[in-house]
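J.: Supplied in structure tokens, the structure appears directly below.
The values are calculated or read from the model by the stated rules, or taken from the named source; none is laboratory data. Computed from a prediction, not measured in an experiment: that's the story for all the values here. Using ideal geometry, Cβ is built from the backbone for each residue, glycine included, and neighbour counts are taken over all protein chains shown.
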Amino acid sequence: MDTIIVTGGAGFIGANFVRLALRGTTARVVVVDKLTYAGHFESLEAVSVDPRFVFVRADIADGTAMDDLYRAHRPTWVVNLAAESHVDRSIDGPGAFVQTNTVGTFQLLETTRRFLAEVDAAHRSRFRFLHVSTDEVYGSLGATGLFSEDSAYAPNSPYAASKAAADHLGKALPIYGDGGNIRDWLFVEDHGEAILLVLRRGTVGERYNVGAHNERTNLEVVDQLCAVLDELSPARDNPPLAARRIERYASLKTFVADRPGHDRRYAIDAQKIRRELGWTPTHDFASGLRQTVQWYLDNREWCGAVQAGRYARQRLGLSVQPGKS
């Protein structure tokens, strides 16, 4: 049986990819996660009963643990999704980002090098190591143009990370700056399908940008989230909002001071992966957003569990705290 090791597999993208890999392959899937603020085993509970699922709590920067992991499971594919995330957090404490994102990736590669020196030629020829990065490594775009695989790296923070959007009922909706920052949105299952395709058919050593050409401003995303929530879970049926006589979620929008390191625009040129591997997303922005909102509405217990005692979405990365000088 082939084995896929997925680091960071308890995170948002990771957990979705794990479910996809179990559904779309016959391989054993070994999830490695440190279970910090971004990783929650609750995201994997539904698939944890699958006999092909294995969970290992470990730090990818721990060389001994990684050597033991490879030796025990002898992977065919390794997908590195483990990372410290969020620009704000990296400004407050860059050390952890260097340790996990740089040292950790280096350690995985060193473990891989030692492992491949010990396996036979057939295993070595089938082995793939796929590192999943972020469009933010390219820096910020102006009003035109797209990031390509050949774009020069120009990061603007200690770590630049993708983030998922979800509405939290009964609270204000803070929007950074003027809400005009643009991102290229991709449904998480389409991302997972792209990862599997690159593992199966990608050329060793190549880069593949994955994007859906779904550019939206933050304000557009919030407005569409509110519209979907108005339909699926009207404010009048939400007791805290009904008590305040709030009839539409959009009335909760509040503009706040922009966050540090907030690049104005990212957009991906995904022609290479479409041309060379035939990948195209199957969800447009509207259908993907609606499906995402519906999932969160259907899984409120999960939302509460993963937020309990963890990062409470407070403002981070501020050199001067609000109300202080």
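J.: So, VAL210, is that one among the β-branched types (Val, Ile, Thr), under 22 Å from ASP190 (Cβ atoms), in a helix (DSSP H, G or I) and modelled with pLDDT of 75 or more or not?
T.: Working: among the β-branched types (Val, Ile, Thr): yes; under 22 Å from ASP190 (Cβ atoms): yes; in a helix (DSSP H, G or I): no; modelled with pLDDT of 75 or more: yes.
Criteria not met by VAL210.
J.: When segment 56-77 is examined, which residues are found to be among the aromatic types (Phe, Trp, Tyr) and either in a helix (DSSP H, G or I) or farther than 23 Å from ARG200 by Cα (or both)? Steps first, please.
T.: First, the residues of segment 56-77 that are among the aromatic types (Phe, Trp, Tyr): 70, 77.
Hit for segment 56-77 is TYR70, nothing else.
J.: Within segment 20-46, track down each residue that is touching a residue at least 40 places away in the same chain (Cβ under 8 Å) and either charged (D, E, K, R) or in contact with a Phe, Trp or Tyr (Cβ under 6 Å, 6 or more places away or on another chain) (or both).
T.: Result: ARG28, ASP33, LYS34, TYR37, GLU42.
J.: If only one of ASP67, ASP62, ASP50 is surrounded by fewer than 16 Cβ atoms within 10 Å (Cβ to Cβ), modelled with pLDDT under 90 and more than 20 Å from the chain's Cα centre (by Cα), which one is it?
T.: On the way: ASP67 fails: modelled with pLDDT under 90; ASP50 fails: modelled with pLDDT under 90.
Of the residues listed, the single one that is surrounded by fewer than 16 Cβ atoms within 10 Å (Cβ to Cβ), modelled with pLDDT under 90 and more than 20 Å from the chain's Cα centre (by Cα) is ASP62.
J.: Output yes when any residue across segment 172-190 is under 27 Å from THR36 (Cβ atoms), at pLDDT below 75 and not assigned by TED's automatic domain parsing to the domain that holds LEU277, and no when none is.
T.: No, because not a single residue in segment 172-190 is under 27 Å from THR36 (Cβ atoms), at pLDDT below 75 and not assigned by TED's automatic domain parsing to the domain that holds LEU277.
Yes/no matrix, rows are residues, columns are (1) closer than 19 Å to LEU197 by Cα; (2) assigned by TED's automatic domain parsing to the domain that holds VAL188; (3) outside any helix (DSSP H, G or I); (4) not polar (S, T, N, Q):
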{"position": "ILE4", "(1), (2), (3), (4)": "yes, no, yes, yes"}
{"position": "GLY9", "(1), (2), (3), (4)": "yes, no, yes, yes"}
{"position": "ILE13", "(1), (2), (3), (4)": "yes, no, no, yes"}
{"position": "THR36", "(1), (2), (3), (4)": "no, no, yes, no"}
{"position": "PRO51", "(1), (2), (3), (4)": "no, no, yes, yes"}
{"position": "VAL54", "(1), (2), (3), (4)": "no, no, yes, yes"}
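For (1) of a type outside the set (Val, Ile, Thr); (2) at pLDDT 80 or above; (3) part of a helix (DSSP H, G or I), each residue gets a yes or a no:
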| site | (1), (2), (3) |
| --- | --- |
| VAL30 | no, yes, no |
| SER43 | yes, yes, yes |
| VAL79 | no, yes, no |
| THR100 | no, no, yes |
| THR105 | no, yes, yes |
| LEU108 | yes, yes, yes |
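J.: Go through (1) closer than 25 Å to ASP298 by Cα; (2) touching a residue at least 12 places away in the same chain (Cβ under 8 Å); (3) of a type in the set (D, E, K, R) one by one and return the number of the condition ARG259 breaks.
T.: (1)
J.: So which residues in segment 121-151 are of a type in the set (A, V, I, L, M, F, W, C), farther than 18 Å from ASP184 by Cβ and either modelled with pLDDT under 70 or within 21 Å of the chain's Cα centre (by Cα) (or both)?
T.: Looking only at segment 121-151, we keep the residues that are of a type in the set (A, V, I, L, M, F, W, C), and these are 121-122, 127, 129-130, 132, 137, 141, 143, 146-147.
From what's left, farther than 18 Å from ASP184 by Cβ: 121-122, 127, 129-130.
Passing the criteria: PHE129, LEU130.
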